[in-house]
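The values are calculated or read from the model by the stated rules, or taken from the named source; none is laboratory data. Remember, it's a predicted structure, so these values are computed and weren't measured experimentally. Please note: Cβ atoms are built from the backbone with ideal geometry, for glycine as well, and neighbour counts cover all protein chains shown.
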């Protein structure tokens, strides 16, 4: 029999806070298999996050905009510093890098359709650019990763921007992983790998080792593409202040900072939960670095894209208020496509999971047909319907962010500022560098 | 057709590369006074002949497609990185990461190559006249690498399906890289590679073949890597 929580209370059963059930299951799993746990998704532990911030709406001292009548802009220009053709997006919410391989071809197709419908960008991943993805994406960012799987100059020239990836929030300092179940004939061919192997991607770039080298590498990418494309540099959030400064010095037009809540298709659980810092802690560090270099929100400045745990328009608005120029979503975009949907509840259960808990993206048996290369499972995702759902979700995020911006009296969502925010906890106040609600106190910055 | 000359003391790198990117380009080009310039002759797509009279910096002939580039000097980091096709020849020595991630074509380094030569190579052929440094052919996925001299530590660490031929000594092999039998098809393949690089006088039988033991292809409990 299984006890309810009421039963447990009545019987006086007390769960250890240190050795809770998930921890005990983890020890037992390790003892049985001898292999560390690999999973998808991002950090699942509770972290200081955007939920710990609130907006101060307008009242006497601030003047709001009319919610349905007065314009509140959402467009953003990325990478105008050096590129002949900067990215001009209609909304400040982009789709983060996710590979074909990690995701099915139909999922990548759906992401492209959804993003294009609302005028924003998608991003390739570790494994190269597929024709479907390029075809469906009005604005496509091409990731340049340590593995260089599928990397070729023809695709580089087809891209609308190039993102040099140093790391991601789920695993700063770690390389990619794609287990054999997902190395199909097509994926293997694109990556020049034997079919069915457990693939490990490099964690370091093969031909440069530090910021001085990166400067030359960025110039190489510019020369090859005749200075047409914006060059992004993406880092996993860790020593963010220094990383952003070095990225700008190296010549980045756009810096992407991915917090530890950012997702992955396959990484060791210990890595996801214990390496990196929360998105909330990273943004002010990045903004400070850009401000000190005089490139934050300047006409020829460097733009900041933030990712890792963006779920709602409130999260978008808070990231922008803290100083981001745009955000990127990954996990939320997959959920919008149908990941973890209750319609697959019975199948999640067969896999030992449940709708709302499924994180075995590494496994290749995704009932929703998203994180799989199985031809049958993939058919479950209709790219047109998936694209429609994603476009809807992106519209909602945008409208929610506009709602908040208007309430704060802003005629553009990027006019939101730290002054519009307060924090609910001392931790979040210290990390976000905004006052604790009801006080003027920012921990670490005196009274 | 006459040779077109670009003098890097008279013409900015951007203009040289832009000229070499012109659609439908053909003919012979000579670049003078490179003085260690980085990113020279990168991203070429046409079947042109480019000769560089002197030393070059990082990423010379990077991502080359179809062009034949001859560097009459030494090359810095990442020469011919991610080359797709064509030929790149270095008359002198090459710094680290020569031919990194290259998918195709032929890279010939007549002198020595430093660390990480052929790192993550994905189908290129690399022939090195002298020695290669440590970490060469790290995670090499496909293609062939020939070393007429010695190889440094950790040769072929975590190698996939690339084939390595070394005539001299190997300081140490990396994880999962092992010596393999030279079968007739390998002797034939090596002879062709040596010939393509202008070293047809070598005896292929004096070389040892190295490749993957394929023990790291699947994660398991005994795998500590």
| Sole exception among (1) surrounded by fewer than 20 Cβ atoms within 10 Å (Cβ to Cβ); (2) out of contact with any helix residue (DSSP H, G or I) (no Cβ under 8 Å at 6 or more places or on another chain); (3) part of a helix (DSSP H, G or I) for residue A:429, by number | (1)
| request: Give, as residue ranges, the strands (runs of 3 or more DSSP E) completely inside the range B:75-128 that count at least 3 residues that are buried (at least 24 other Cβ atoms within 10 Å of the Cβ) and without any contact (Cβ under 8 Å) to a residue 60 or more places away in the chain. | output: B:122-128
| the range A:62-78, residues that are closer than 20 Å to residue A:419 by Cβ and in a strand (DSSP E or B) | A:73
| Which of the residues belonging to the range B:2-47 are exposed (fewer than 13 other Cβ atoms within 10 Å of the Cβ) and touching a strand residue (DSSP E or B) at 6+ places or on another chain (Cβ under 7 Å)? | B:3
| request: Please specify each residue of the range A:261-288 satisfying the condition of being farther than 19 Å from residue A:167 by Cβ and either free of Cβ contacts under 8 Å to residues at least 12 places away in the same chain or over 18 Å from the mean Cα position of the chain (by Cα) (or both). | output: A:288
| request: Inspect all residues belonging to the range A:337-359 and state whether any of them is under 20 Å from residue A:74 (Cβ atoms) and out of contact with any strand residue (DSSP E or B) (no Cβ under 6 Å at 6 or more places or on another chain). | output: no
| remark: Among residues of the range A:135-148 being within 14 Å of chain B (Cβ to nearest Cβ) and assigned to a loop (DSSP other than H, G, I, E, B), the residue surrounded by the fewest Cβ atoms within 10 Å (Cβ to Cβ) is A:146
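Within the group B:22, B:35, which residue is in a loop (DSSP other than H, G, I, E, B), more than 14 Å from every other protein chain (Cβ to nearest Cβ) and more than 24 Å from residue B:123 (Cβ to Cβ)?
B:35
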| remark: The condition of being closer than 30 Å to residue A:126 by Cβ, more than 14 Å from chain B (Cβ to nearest Cβ), touching a strand residue (DSSP E or B) at 6+ places or on another chain (Cβ under 6 Å) and surrounded by 12 or more Cβ atoms within 10 Å (Cβ to Cβ) holds, among A:92, A:48, only for A:92
| task | Only residues in the range A:289-309 that are modelled with pLDDT under 95 count as the first member; pair them with residues that are assigned to a loop (DSSP other than H, G, I, E, B), Cβ under 6 angstrom, at least 6 apart or cross-chain, and list the lot. | result | A:300/A:81
| message | Among the numbered criteria (1) buried (at least 20 other Cβ atoms within 10 Å of the Cβ); (2) closer than 22 Å to residue A:210 by Cβ, which one does residue B:64 miss? | response | (2)
| task | Of the numbered conditions (1) part of a strand (DSSP E or B); (2) closer than 22 Å to residue A:221 by Cβ; (3) in contact with a helix residue (DSSP H, G or I) (Cβ under 9 Å, 6 or more places away or on another chain), residue B:62 fails exactly one; give the number of that condition. | result | (1)
| query | Which members of the range B:135-153 meet the condition of being surrounded by fewer than 24 Cβ atoms within 10 Å (Cβ to Cβ) and away from chain A (no Cβ under 14 Å)? | reply | B:148, B:149, B:150, B:152, B:153
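Filter the range A:123-137 for residues that are touching a helix residue (DSSP H, G or I) at 6+ places or on another chain (Cβ under 7 Å) and closer than 16 Å to residue A:384 by Cβ and give the result.
Once the filter is applied, which keeps residues that are touching a helix residue (DSSP H, G or I) at 6+ places or on another chain (Cβ under 7 Å) and closer than 16 Å to residue A:384 by Cβ, the range A:123-137 yields A:132, A:133, A:136, A:137.
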| field | Subset of the range B:42-56 that is closer than 19 Å to residue A:213 by Cβ and assigned to a loop (DSSP other than H, G, I, E, B) - its residue that is nearest to the other protein chains (Cβ to nearest Cβ) | value | B:43
| query | Looking at the range A:184-200, which of the residues that are in contact with a helix residue (DSSP H, G or I) (Cβ under 9 Å, 6 or more places away or on another chain) and more than 7 Å from chain B (Cβ to nearest Cβ) is surrounded by the fewest Cβ atoms within 10 Å (Cβ to Cβ)? | reply | A:195
| query | Out of the range B:172-225, which residues are modelled with pLDDT of 95 or more, away from chain A (no Cβ under 14 Å) and in a loop (DSSP other than H, G, I, E, B)? | reply | B:172, B:181, B:182, B:183, B:197, B:198, B:199, B:202, B:203, B:207
| remark: Of the conditions (1) in contact (Cβ under 8 Å) with a residue 60 or more places away in the chain; (2) part of a loop (DSSP other than H, G, I, E, B), the single one that residue A:151 does not satisfy is (1)
